[in-house]
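The values are calculated or read from the model by the stated rules, or taken from the named source; none is laboratory data. Since we're looking at a predicted model, the values are computed, not measured. All Cβ positions, even for glycine, are placed from backbone atoms using ideal geometry, and neighbour counts span all protein chains on display. Please note that ligands, DNA and RNA were not included when accessible areas were found on the heavy atoms of the full protein model with its side chains. Shrake-Rupley method; radii C 1.70, N 1.55, O 1.52, S 1.80 Å.
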Amino acid sequence: MALKYDDNAIKILEGLEAVRKRPGMYIGSTDKRGLHHLVWEIVDNSIDEAINGFGDYIKITLHKDGSCSVEDRGRGMPCGMHSSGKPTPEVILTVLHAGGKFEESGYKVSGGLHGVGSSVVNALSKYLEATICRDGGVYYMKCENGGNVTTHLKQIGKSTKTGTTIRFLPDPEIFQTTNFSYTTICERMQESAFLLKGITIEVVDEINDRRESFCYKRGIDEFVEYLNASKNVLHKVLNISGVKDKIEVEVAMQYTDTYSENIISFVNDVKTVDGGSHEVGFKTALTRVFNDYAKSHGLIKGKDSSLDGSDVREGLTCIIALKIPEDILQFEGQTKGKLGTPEARSAVDAVVSENLRTFLEENNAIATEILNKSLRSKIAREAARKAREAARNSTKGKNNKERILSEKLAKATGRDYIHNELFLVEGDSAGGSAKSYRDREHQAILPLRGKVLNTEKASEKDIENNAELRQIEYAIGAGIGEGFDYKESNYGKVIIMTDADVDGSHIQILLITFFYKFMRPLIENGMLYIATPPLYSIETGKGVKEYIATNEELEERRKELGNKPYKLQRFKGLGEMDADELYDTTMSPKNRRLIRVNLEDASLAEKRIHVLMGDEVNLRKEWINENVDFTLEDNFRK
Ligand code: 2B7
């Protein structure tokens, strides 16, 4: 693409101090998630270059000094003088909101901060270096301590190549943690590679000497194959694409013999975690086309026998990827993860309806197999609903239910359900402590015996047959699956409380997967939490005890204490704390720290289940090593 673009097309707006003052405004948070946001901001610029047709290789390196570098083979940032009197790279990297005039130049952007993020990263870095190959030369500049230029742009060599390399070290004064996670970066880059057909993204970890390279010539089709790798599939991946109203629609879908539905959507290569109009359009088309086919082929008769959306989505894995022009792009919701653009609904509906109808007519055997599965889903759903209703209404059912619950559940006495909390506690002994010392009015305790069932491939019937999960279902009392109604929940908060060790995070993942699959609105409405028990206690004097949540905090506190004597205790599990200690540190709303589980975390948990439950011992070990401290963001502090 020929672009009219020169050094003066960069606008100058603001200084970098603002970013250091309120980092959250620019990168969301200063925890692990915020830290990785820095990488995404830089990589986004490389991706933009690649999308525009310049450079099909991007490399991310984690260096031994804790810095991260990103290298692309694009055109290289322009290195001439900007009208402000500074070299253009200095403007891009040290002036907030320095970006090209995208609309006028037709420069496509991948989303996020619209390519203006590199100055934000600079502002939050101990150092940032840029090396640019362009016009036969190699140019270099360096900033330190939040974006102060310490080496002005200068030519340091010659090269026939072109491209940009940015290396930065996050400022520990800004971030709670500055250790990048190799797996987090790999996961995200693999996802990007699926969306950017034919572009290679390599991730190198120089600290632990490992590397991975992602390149997918068949794009989202391979994404679906990857997601379904451990499942039995009913047909080859179906790829549907088309353009309507300037919206480019691409869908890759494949049915498996499982009960789970997995729809992931993207708009301009940014994941829409909360769905939106495009997903609505897809679901509407899917339900209509399958019902039409079933009726016209005599598989169902009459109105009552229509298939529900959930029936035709059972076992479906699907990626929806849209390209929407900036001028009609609209995101909604608190985290802007939901597509608003109304035209996207009709565009996806039209493209999918037409192509899916043709596919089904041309592949009757596959169509019949999928529809038989949907019909079984409908029967199972109706049977489960009837069974639930019967259990709710009949006295026998009620007693039965009561009996199951009374054995284990310590109920809360309060009638104000919204303010009641259900603690799912790992182990009977910790459960006992929690029962004996809790706020009886508002806190209910349900002890769990070790690992719960892996629900990755479970149906509603399997849940009814599993004592532990059935107890959870009955305790919450709002049904499961399609019949789940979060407004009926007996608790405003459901809190998972496990040991702070590998088994504990495993149980968390299993439970989150269960809620994600069978009570998703509970997560969508922010009602699922993880309790964070302390790792240590320090006694600095008689009766003066403080609790420490992380290893980093311990290091800090030890430094502060210097030579002063203290007694250190490490808690290996919840059971090692006294009942009052457990309450004070982990359950009491006064001191506790709860992690609110969001949908993104939950879908990650579901994905990780493959790794955790699969046969791949090495993968599992690696995952656990990386995630013993669990990567869910602490975005809820009470
Ligand atoms: C909006 C700003 C940030 N930019 C360019 C051109 C190429 C280019 C960049 C980049 C991250 C880590 C390595 C355009 C765009 C600035 O203007 S930024 N490549 N890569 C990057 O930052 N990678 C460009 C038109 C003509 N020549 C060069």
If you check Asp257 against the conditions, is it open to solvent by less than 70 Å² (accessible area, probe 1.4 Å) and within 27 Å of Asn372 (Cβ to Cβ)?
no
Unique match (being more than 8 Å from the ligand (Cβ to nearest atom), in contact with a His (Cβ under 8 Å, 6 or more places away or on another chain), acidic (Asp, Glu) and modelled with pLDDT of 75 or more) among Glu14, Glu90:
Glu90
Could you list, in sequence order, the residues of segment 313-347 that are small (Gly, Ala, Ser) and open to solvent by 10 Å² or more (accessible area, probe 1.4 Å)?
Ala321, Gly333, Gly340, Ser346
Gly147, sole failed condition from (1) modelled with pLDDT under 95; (2) under 26 Å from the mean Cα position of the chain (by Cα):
(2)
Is it true that some residue in segment 353-367 is in contact with a strand residue (DSSP E or B) (Cβ under 6 Å, 6 or more places away or on another chain), modelled with pLDDT of 90 or more, surrounded by 15 or more Cβ atoms within 10 Å (Cβ to Cβ) and among the aliphatic types (A, V, I, L, M)?
no
Looking at Leu522, Leu568, Leu594, Leu582, which one is open to solvent by 20 Å² or more (accessible area, probe 1.4 Å) and at pLDDT 85 or above?
Leu568
Selection status of Ile463, β-branched (Val, Ile, Thr), surrounded by 17 or more Cβ atoms within 10 Å (Cβ to Cβ) and more than 27 Å from the chain's Cα centre (by Cα):
no
Segment 448-460, residues that are touching a residue at least 40 places away in the same chain (Cβ under 8 Å), out of contact with any Ser or Thr (no Cβ under 7 Å at 6 or more places or on another chain) and open to solvent by 60 Å² or more (accessible area, probe 1.4 Å):
Lys451, Leu453
Output for segment 62-81, where each listed residue is more than 11 Å from the ligand (Cβ to nearest atom) and out of contact with any Phe, Trp or Tyr (no Cβ under 7 Å at 6 or more places or on another chain):
His63, Lys64, Asp65, Gly66, Met81
Restricting the first residue to segment 23-50 and requiring it to be among the aromatic types (Phe, Trp, Tyr), which pairs with a second residue that is open to solvent by 10 Å² or more (accessible area, probe 1.4 Å) meet a Cβ separation below 8 Å and a spacing of at least six or different chains?
Tyr26/Leu113; Trp40/Gly112; Trp40/Arg188
For residues that are of a type in the set (A, V, I, L, M, F, W, C) and either surrounded by fewer than 20 Cβ atoms within 10 Å (Cβ to Cβ) or farther than 15 Å from Thr61 by Cβ (or both), scanning just segment 164-185, find the one that is nearest to the ligand (Cβ to nearest atom).
Leu169
Qualifying positions in segment 20-70 - part of a loop (DSSP other than H, G, I, E, B) and among the basic types (Lys, Arg):
Arg22, Lys64
Filter pass, Val280 being within 28 Å of Met189 (Cα to Cα), hydrophobic (A, V, I, L, M, F, W, C) and open to solvent by 10 Å² or more (accessible area, probe 1.4 Å)
yes
Given the conditions (1) within 20 Å of Gly198 (Cα to Cα); (2) more than 7 Å from the ligand (Cβ to nearest atom); (3) at pLDDT 95 or above, which single one is not true for Asn52?
(3)
Scan segment 208-253 for residues that are open to solvent by 80 Å² or more (accessible area, probe 1.4 Å), closer than 22 Å to Lys283 by Cα and touching an Asp or Glu at 6+ places or on another chain (Cβ under 6 Å) and report the count.
1
Subset of segment 331-365 [hydroxyl-bearing (Ser, Thr, Tyr) and in contact (Cβ under 8 Å) with a residue 24 or more places away in the chain]
Thr335, Thr341, Ser346, Ser353
Residue selected from segment 186-196 under the condition open to solvent by less than 40 Å² (accessible area, probe 1.4 Å) and assigned to a helix (DSSP H, G or I), by the criterion farthest from Thr272 (Cα to Cα):
Cys186
Odd one out for Val19, checked against (1) closer than 21 Å to Tyr140 by Cα; (2) open to solvent by less than 10 Å² (accessible area, probe 1.4 Å); (3) more than 11 Å from the ligand (Cβ to nearest atom)
(1)
State yes or no: is Ile445 open to solvent by less than 10 Å² (accessible area, probe 1.4 Å), at pLDDT 90 or above and in a strand (DSSP E or B)?
yes
Which one of Val237, Val203 is touching a residue at least 60 places away in the same chain (Cβ under 8 Å) and of a type in the set (A, V, I, L, M)?
Val203
